[in-house]
Each structure stands twice: as structure tokens, then as C-alpha cells.
Amino acid sequence: MTSKSDGSSFFTMGVDSGSLTGKAVIIDGNKRIVSYSVKQLGFVSQKAVMMAIDDALEKAGLVLDDIAYTVSTGYGRKRLEIAGKNLTEISCHAKGANYLFPEVKTVIDIGGQDSKVIAVDPSGNVKNFAMNDKCAAGTGQFLEVLARALDVELTEIGELSMQSDADIKISSMCTTFAESEVISLVAEGHTTVDILSGMHKAISGRMKGLVGRVGLQKPVMMTGGGAKNIGLVHALEKSLGESIFIPDEPQIIGALGAALFANDFATGNRKKVEEEQDLDKARAPAKDCGTCSVQNYQLNKN
Amino acid sequence: MYQNLSSDEILNKLAQIAADPYERAKEWKMETGSKIIGCYIMHFPEELLHAAGVLPIVLQVKEEPITTGHAYYPSYFCGPTRSIVDQAAKGELDFLDGFVGGDYCIQAVGGAEVVGNLLPKVNNMFFRLPVGNQAWTHGDIVTGLKELKRDIERFAAKEISDEEILNSIRIYNKNRSLIREIYELKSVHPSLLSSSDMLSIIKSSMVIPKEEHNEILETLLPKLQANKDSIKEEGVRVFLSGSFCGAPKNEILELVEQSGAVVVGDDLFHGYRYISDNITEDREPLAAIAAHYIDKNTNVPCPTRCDPKTDWPQYLVDSMRKYKADQLVIVMAQFCEPHMFFYPDIKDAMQEAGIPHLLLEISHELDSIETIKTRLEAFVEMAV
């Protein structure tokens, strides 16, 4: 029998159907991570998502029927039929990051196709966010294209770039043009290591602009596949002048957030939590009393 | 002819007119043998053109990709100007007899020049609308109107009497009043009409004879009023701002609503900005039209008018409160300089007032709908 008070036999799942990878996280009623899985196949691959779900279920020793509620997120969020609700990866990354590190105020998510900067409040709600507009420059896709141009494994580029002291500038804001810029640099005789370092500097410069749009608030956490790239993390820390907290499995933060939302929905806690903390009012100040100085003050304080 | 239709059916008809915006004008030309003048968005005294017995239509941005027009106008200029240049280059504006350009932004001036060259058989006119709001501004605008009146009279081969202008003002005022009534209904019952419906109403008004549009609205309005009590209201209340010259894309408007929001008000050019107030009927007509340009800018400030006495950011803060809106969504046409110039002030004003806002910079080619969808949904989730 399911026991919500105990929590050990009550499960919810979060599924992140990203542009390049599928991720699933299962948590129990006490919001402890029971299992997770990350699978990569192709663009917004349903197969990768199903594989991740099956893998996470298997690791947890569960079947789909054991899952009380599922929330989906990511590019393919609307296509997952088993999900009771879908939410954007922005809300989910904020929630997941806050769960792992409740003090976090800024989340930088570099995913396959998007990069996002999210300002998070102490309850894990999104206060503000900025997202790369149109181009994939500065995203996982960008790194994959350039790693291919340089004939280097994606998993190696971080470590390799750390070996460089050179100051190569890759100016282009566009993935396609950056690729030709990289080819020119190769032709000029620059080493792969130096070019990789320049590439990370270019991305971190771009991310700094995105951070500026939201406003940098410490502490900062980085999530998404991009956080697994140590070279990029270092370049970003240098350009922001701040140390960045990296979770053990940065790729599952969105799915973790989705699993936490699933728990909230399944237990009916979501609204209750907000009412208790009076956050709803603070986030929608114009609803009833736009002139209320108290809530405006709260917002400015946050 | 619309009497037996339901409100949804009427709205569908208006959506069809809006989707193919020049078709009714072409028919009208065949029926009447009269002339059509295309107004190159945004501020034109349509009443004055109407008084000459011609049909003024506001040229519309088409959603199709720009192809032939690339040869005549650079890709880093705004979508609305590029789209109209493209239409002219493709021969789609050959049905026009006259064309009026304006100088409210550098891209519009350039675009009007190019269109003039591309349409050599079309009478190319210019409306000089001085900016600002100083002691001399009203008089200056009247002079601009007189210059245009002189050109229109030559074009239409007839003199325009004050009585004729006043009559046109009455017809246009009626149209604005009717649309404002619909706006009032929608602000109280936002789900009564989708924002795409509102767009169809305004857009169709810009491209067919106003007399016809008035008739349609007079039929539509009571039907909408009758429906209002059956509508369930739910969703995050959003105010839409921006989108000068060109209509915001239906896709974007639909995404706003699909994200869980209802649109409770707007200051779009293809929206409240177009009908925000009437021209006074008890004054010398050209003086009344000139005063209208100054007054309507007080109602809904326009960044191209450079009016030091108006404050667009503050207007937005006030509107959010007036319409009890939770969030502001700003739709900015990519490369729209007047809008870009004001955005930092709007951002500051919103932050100071504690109003969440989302800026969507929309390119004509709409290259990344998925990103826009995620941003809109995340924004609405912030308020749920």
C-alpha cells in the first residue's frame, strides 16, 4: 500500500526531453533521488527519452504503474503522453537547483540547443530569466559542431583547453561562421588546445552578456550538459569573476526539478506551499493592489 | 449580410479579410471605379484621403518570406518596411493608384523611397508630420495636412470641402468608438475574444471601407455582449505592448494564450493604439486632425512622436494597474529603432514598479518559434 506519510513507497518522476539528450529522475515521497538516467541518441529523440525512463525505472526496481505522477520538461515536453503536466525547463532547472543547493540565486543552464540564465528565489521559483534568442552559438550544439571541426571528442575538450595559455579570440556570434573561423585558425597553424580555449572564452563572453540581462547574484550554479565541460566552467568563472557551483550530475537538474514538481502536484502541495510563503502575491504585484508598497519592496529586496 | 451569422462566424469573416488584406479593396475598386491609396504605416490622416472619395488602406506586413525585396532593401532593416518593399518588388501593390509615405522613422522614410521607385505608375505622396509637442507643433502639423490635402486634391482631381472632411471624421470616429466598445468588453471578459480575434478586427478595419466595417461591427457587438456571461475567465492576465507598424504574428498571439495567459489590454499599433480616441467634430477639420495627433499620443504614447510631455514607460505601468494585469509581454519588431531606444527605460520602470515583463524581439522570418514558446511558457509559469 502506498504510504504518503512514510514516503518510501511513493514515487514521482521527472522527464527532461532535451534537444540532444533524454533524462529521467525518480524520487520518493521524501523527495530523495531513487534513480536517474541520461541517454543520448538524436535530436529530441523520443527513443532516448523512453530509454532513459526504462533505465531509471529498472535501476529503481519499479514499473511505470508505481509512479504516482510524472511531469515532463524540455524541448519535447508536450509529446510525452505519460506526463500529467508539462513545464518549461526554466522552471524545472530553478526547482532542481534550489533543491540541491537552497542558497543558489543564479542558475546558468547550458543545454544542447539553448542557454539560459535564471534568477531563483529562496523557494526555487523563477524570479527572472534570459535565454539565448535565436542562434545556437554558446550552446552544447555549438560545442559539438566545433569539436567535430577540430576532430576532438566532446568529452575531451574541457581538459584539453585547460592546457592553453594563449589568447585566441573567436569573435563570431554564429555557429556556422564560428566553424569557418575555427577552420581558418587551424589553417593559420594554431594548436587545437589554443583554439578550444578561445572557443570557451567566446562562449563565456556570450554567457556573461546573458547573465548581465538578469543580474548576477551569488551563489551561482551551472546546470545542463555544458557544466560537464571543465574548460567552459573555468572560462565562465573567469569572465564572471565568481566561483560556480557544479552539481555531481548537472544534466539531470531539469528532470529532477520536474520530479519535484510532480511530487508537489501529486500531493497537492504546490499551492499550499505558495500560500504559506505568500510568494504568489510577490510575483504578481499588479493583481489586486499594484500600488502596494510592501510587495514592491519585497520584490526589490529579492 | 452578417446579421444571420454568429459572432464566431463574423470573426472568421474578419480573419479572412485580414489574411488576404488587399482583396476587398481590389473588389471595391472594380465596383466603384474609384482610386485606392496605400498608406505606408503608421500615422496617416485616413479621414482626409477618404474625404476625397478615394479608399485609403493601411499597407500590411505579409508573413511570407522576403525574396525579391532583398535586392532593394537590406536585411538588417525592420520586417514591416522590408515586407512592403518586397510586396512592391513582386508587383503585389500594382493595384494601388496612390501611395503616401511618412518620416516617422529612418527605415520608413527609406522604405517609402524604394517603394516609390518600384511603383512608377503610382502617385507617390508624402505626409510631413512634425514631431514633438511644443507651442508650434499643432500649427506645423496643420501645415503638413494642408500640403497633403493639396496633393490629394490634385490626385483625385477634386477639391475637398470641410464638410466632406467632417463627414469622413464622423465615419472614422464611429469605427473607433465601436472598436473601443469591444475593447471594453474584452478587458472585463478577456476570454470573450482571443487576441487574434482582436487583431482581425483592427486589421480588417485598416483595409476595407470604414462604412462597411462599421456595419459589421454594429452587427458583431450585440452578439458579443450576449455571449459575455457564458465565458469562463481563467489565466494569467497579460498586457501586450509594442509591435509598431506591422501586426504581431498570429502565431505569437496564440502562443501567449496557449501558455496559459489571457490578454487584457494592449498598446499595439494593430490594436488599441489605432483607435484610442476620436477626432473632435466641433472644430475646423484640419485643426481637429492635428490636435488628434497630439492628443492620441497622450492617450497611448508613441516613441516615434518624440513628445517630451508623454511618458510611455509610465503609461505602461499605469495600464498594468488599470487593467489589473499580472505581467507585461513586449513584442518588438527586430531592428525597430524607436522601440529599441525606449526599451531600457521601460525595463527600468517595470523593475521599479515590480512588474514582471518579457521582451520578445521578433524577426520577420520568425526563425525560432520553439525558443519563443519556452520563454513565454516559463514567463507565465512564473505567475501561476
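The values are calculated or read from the model by the stated rules, or taken from the named source; none is laboratory data. Values in this document were obtained by computation on a predicted structure and should not be read as measured data. Ideal geometry is used to build each Cβ from the backbone, glycine not excepted, and the neighbour counts take in all protein chains shown.
Laid out as a table, the results:
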quantity	calculated
Residue check, B:TYR73 hydroxyl-bearing (Ser, Thr, Tyr) and over 30 Å from B:LEU185 (Cβ atoms)	yes
Flag for A:ALA48 being in a helix (DSSP H, G or I), modelled with pLDDT of 95 or more and either aliphatic (A, V, I, L, M) or farther than 21 Å from A:SER115 by Cβ (or both)	no
Residue under evaluation B:THR298, criteria (1) at pLDDT 90 or above; (2) surrounded by fewer than 18 Cβ atoms within 10 Å (Cβ to Cβ); (3) assigned to a helix (DSSP H, G or I), criterion not met	(1)
Residue within the stretch B:221-231 that is buried (at least 23 other Cβ atoms within 10 Å of the Cβ) and not polar (S, T, N, Q) present	no
Some residue of the stretch A:285-302 being modelled with pLDDT under 95, over 19 Å from A:GLY140 (Cα atoms) and in contact with a Cys (Cβ under 8 Å, 6 or more places away or on another chain)	yes
Tally of residues being without any contact (Cβ under 8 Å) to a residue 24 or more places away in the chain and in a loop (DSSP other than H, G, I, E, B) across the stretch B:28-59	2
Qualifying residue in the stretch B:189-209 (condition: touching a Gly at 6+ places or on another chain (Cβ under 7 Å) and surrounded by fewer than 22 Cβ atoms within 10 Å (Cβ to Cβ))	no
Odd one out for B:VAL109, checked against (1) assigned to a helix (DSSP H, G or I); (2) closer than 16 Å to B:VAL54 by Cβ; (3) within 21 Å of the chain's Cα centre (by Cα); (4) of a type in the set (A, V, I, L, M)	(2)
Every pair of residues 6+ apart whose Cβ atoms lie under 7 Å, when the first sits in the stretch B:115-135 and is touching a residue at least 40 places away in the same chain (Cβ under 8 Å) while the second is of a type in the set (Ser, Thr, Tyr) and outside any loop (DSSP other than H, G, I, E, B)	B:LEU129/B:TYR293
Subset of the stretch B:347-359 that is more than 9 Å from chain A (Cβ to nearest Cβ) and touching a His at 6+ places or on another chain (Cβ under 9 Å) - its residue that is surrounded by the most Cβ atoms within 10 Å (Cβ to Cβ)	B:MET350
Flag if B:GLY246 is among the small types (Gly, Ala, Ser), within 14 Å of chain A (Cβ to nearest Cβ) and either touching a residue at least 12 places away in the same chain (Cβ under 8 Å) or in contact with a strand residue (DSSP E or B) (Cβ under 8 Å, 6 or more places away or on another chain) (or both)	no
Residue satisfying all of: in the stretch A:141-169; assigned to a helix (DSSP H, G or I) and not hydrophobic (A, V, I, L, M, F, W, C); modelled with the lowest pLDDT among these	A:GLN141
Single condition B:MET1 does not satisfy, out of (1) under 24 Å from B:ASP197 (Cα atoms); (2) assigned to a helix (DSSP H, G or I)	(2)
Conditions (1) within 27 Å of A:ILE157 (Cα to Cα); (2) modelled with pLDDT of 90 or more; (3) among the polar types (S, T, N, Q); (4) within 11 Å of the chain's Cα centre (by Cα): number failed by A:SER115	(2)
Qualifying residue in the stretch B:331-346 (condition: aromatic (Phe, Trp, Tyr), crowded, with 18+ Cβ neighbours inside 10 Å and either more than 25 Å from the chain's Cα centre (by Cα) or facing chain A (nearest Cβ under 9 Å) (or both))	no
Qualifying residues in the stretch B:360-373 (those that are surrounded by fewer than 23 Cβ atoms within 10 Å (Cβ to Cβ) and over 17 Å from B:GLY79 (Cα atoms)) - the one farthest from the other protein chains (Cβ to nearest Cβ)	B:LYS373
Some residue of the stretch B:302-324 being within 12 Å of another protein chain (Cβ to nearest Cβ), part of a strand (DSSP E or B) and touching a strand residue (DSSP E or B) at 6+ places or on another chain (Cβ under 9 Å)	no
